[in-house]
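Only the coordinates and a few stated rules stand behind these numbers; no lab work does. Since this is a predicted model, take the numbers as computed values, not measurements. Backbone-built Cβ (ideal geometry, glycine too); neighbour counts: all protein chains shown.
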Amino acid sequence: MKSCASTRIQVPRSLALGLVAVAVAASGCGSSSSKSSSPATTPASKSPTMTASSSARPSGSASAQNVTLTLTGKDTNLRLASATVQALKTAAVQVGPAAPATAPSSGGVNFPVTGGTLTQVSMRGTVHHSGGLKFTHAGKTVTALNFVLNTNQGILSATVLGHQTPLLAVNLTHLVRTTSGSEIIASGITSTLVPSAAVFLDGKLATKVFTKGLPIGTLTTYLTGKPA
């Protein structure tokens, strides 16, 4: 009987040791599994922040393109269309610069830029000038001064007989924008005489050479400025 009692006590001890070993191993696996699952959640939490940073970049680029400049100087050159020059010559109408505009040896008429505001890339706004053009025929003269080039409206206006009035319709379809150091150059701006200006000039100068839509010439403006 004692032998049997002794055998029953030994069996539970070996089973107990086995169970303890299994429990320890299981505990170790659970700890390892818990640690390995933690880093897997870290990239997911960082991802929205990275996306937000990336999506913010285009707006900064767009704002740079829309910087408005306060114009500080340079000039605009008007080069008359050759066919119009010939028509004016045939009609004995003389066209020349009104000071401080000048006629450079390179051709055309230069009008000094006195101010205005313009978006740096899209070239939208107004460019103000001093000087102008003087039209003379049969002892009569009409002077158009203080040109304002409005690229939003596609109009170049001038002061005539004390009133600011549309003079030329400008077309920006073929405008080419380039830079040279701090200077912005807008070329390829074509212009035609607006109907009201044609009627006015013909009447005041007693001629019929000015017709609505008459091609006047090409404008190239050279600008400097600073952020408004």
Inset, instruction - Give, in nm to one decimal, the length gained when the segment between Val95 and Ser182 is fully stretched (0.36 nm per residue of separation minus the Cα-Cα distance). - result: 28.0 nm
Legend entry - Cut-off under 5 Å, modelled amide H: who pairs with Ile155 long-range: Asn150, Val170
Inset, instruction - Apply the Karplus parameterisation 6.51 cos²θ - 1.76 cosθ + 1.60, with θ equal to phi minus 60°, to every residue of segment 145-150 and state each ³J(HN,Hα) to the nearest whole Hz, in sequence, with x for glycine and proline. - result: 10, 6, 4, 10, 8, 10
Legend entry - Ascending count of other beta-carbon atoms within 10 Å, so fewest first, for Ile216, Ile184, Ile155: Ile155, Ile184, Ile216
Inset, instruction - Could you size up the charge dipole of segment 68-227 around its Cα centre, putting +1 on the beta carbon of Lys and Arg and -1 on that of Asp and Glu, and report it in debye to the nearest 20? - result: 180 debye
Inset, instruction - Could you list which residues have their amide H under 5 Å from that of Leu214, counting only those 5 or more apart in sequence or on another chain, with H placed in the peptide plane? - result: Leu193
Legend entry - In Hz, Karplus ³J(HN,Hα) per residue of segment 153-170 (6.51, -1.76, 1.60; θ = phi - 60°; x = Gly, Pro): 8, x, 9, 10, 9, 8, 8, 10, 6, x, 10, 7, 9, x, 10, 10, 8, 10
Inset, instruction - Arrange Val199, Val142 by Cβ neighbour counts within 10 Å, fewest through most, would you? - result: Val199, Val142
Legend entry - For segment 109-121, 3J(HN,Hα) per residue [Karplus equation, 6.51 cos²θ - 1.76 cosθ + 1.60, θ = phi - 60°, Hz, x = Gly/Pro]: 10, 9, 10, x, 7, 10, x, x, 9, 8, 6, 5, 9
